Amino acid sequence: MTSQISGLDVRFALAQAIATEAGRVALDYYNRRETLVIETKRDLQDVVSIADREVENLIRARVAEVNPGDGFLGEEYGLAPGDSGYTWVVDPIDGTSPFVNGMPNWCVSIAVLHNNEPVIGVIYAPCHDELYAGATGKGATLNGKVLTLDPSRTVRNAVTGIGANNYVTPAFVGKMVEDLLTAGGNFIRNGSGALMLAYVAAGRLVGYYEPYMHAWDCLAGYCLVKEAGGWYHPFPVDGEQLTKGSPVLATAPGARDDLMKIAGL
Ligand code: IPD
Ligand code: CA
Ligand code: CA
């Protein structure tokens, strides 16, 4: 089928190939993680290593080889604007805390924006060998299997993913957990917001809410959730907003109203 957006197909295939290659490189670092020097960023819980930087460098280089006019925003090295109308938004390793602590809940997250919309979302979880791939008008898949959300799932009969970092107060986090439990829901936090958004697309979680995340954490997952039949709260990406944080919420259709209320959106 021919894509409606010129240049989408080639970038969708490229994003999947790059995510898989980058994931293998990251997995090699993960398997020898005791040799990595762990540095901290905003606080002692916010960790990073050479693995994050080298994986981002690899993804940047691969994109530049094929589409030198595309913009690129990565968590580790920031924004390099382009002129093609496409911008790649990449978290080389989402879930660095699980990664350095030897838990498998981490992933490579690659989104591509076109006209300020996330038109491609690819998330690869190397420890599970799971490739989530979605693009506008093409649906979402997990290892090639089409993902379609079940409208009967709600916060009450399914599990909601949540996340938090030190941009928000402990009291705020306590209140959002309290409100979710009061609504009859329950929660999981696995340490990778991007992967939990992919789980929403896969129907494993009924929604994901985090009060403050960045574009590289959420845009790939947003595209996947939408293509699986779900909904997301738009993330501001115009100009400088692209590098700033914002609330993140994506849901299956039956959880939208409850989670919007809990998130105050
Ligand atoms: C973090 C993870 C975590 C979320 C944080 C993110 P990182 O990303 O997605 O689950 O709660 O807000 O910053 O640091 O592992 O790339
Ligand atoms: Ca992240
Ligand atoms: Ca990261």
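The values are calculated or read from the model by the stated rules, or taken from the named source; none is laboratory data. Given the structure is predicted, the values throughout are model-derived calculations rather than measurements. Using ideal geometry, Cβ is built from the backbone for each residue, glycine included, and neighbour counts are taken over all protein chains shown. Calculation scope for accessible area: heavy atoms of the full protein, side chains included, ligands and nucleic acids excluded. Shrake-Rupley method; radii C 1.70, N 1.55, O 1.52, S 1.80 Å.
Numbers for the structure displayed
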item: Residues T35 and V10, FRET efficiency given R0 of 41 Å [Cβ-Cβ distance, rounded to 0.05]; result: 0.65
item: Summed residue charge, Cβ within 13 Å of L195's Cβ, Lys/Arg positive, Asp/Glu negative; result: -3
item: Accessible solvent surface per residue of segment 8-146, calculated while the other protein chains remain in place, 1.4 angstrom probe, Å²; result: 42 Å²
item: Long-range lysine pairs (8 or more apart or interchain), the chain, Cα under 19 Å; result: 4
item: Debye intensity ratio I(q)/I(0), log10, segment 8-146, q values 0.16, 0.19, 0.20 Å⁻¹ (C-alpha model); result: -0.79, -1.07, -1.16
item: D (Stokes-Einstein, µm²/s), Kirkwood Cα radius, the chain, 1.567 mPa s at 4 °C; result: 71 µm²/s
item: Centroid-to-centroid separation of segment 191-223 and segment 25-54 [C-alpha atoms, Å]; result: 21 Å
item: Peptide ranges 165-171, 82-88 listed from the most packed, as the mean C-beta count within 10 angstrom indicates; result: 82-88, 165-171
item: Accessible area of the chain belonging to carbon and sulfur atoms, whole % at 1.4 Å probe; result: 52 percent
item: Per residue value of the accessible surface for segment 160-263 (all protein chains in place, 1.4 Å probe), Å²; result: 38 Å²
item: Most to least packed among 136-142, 122-128, 249-255, 229-235 [average Cβ atoms within 10 Å]; result: 249-255, 122-128, 229-235, 136-142
item: Residues in segment 136-166 reached by a label modelled at N115 [backbone nitrogen below 15 Å; 7 Å Cα→Cβ]; result: 136-138
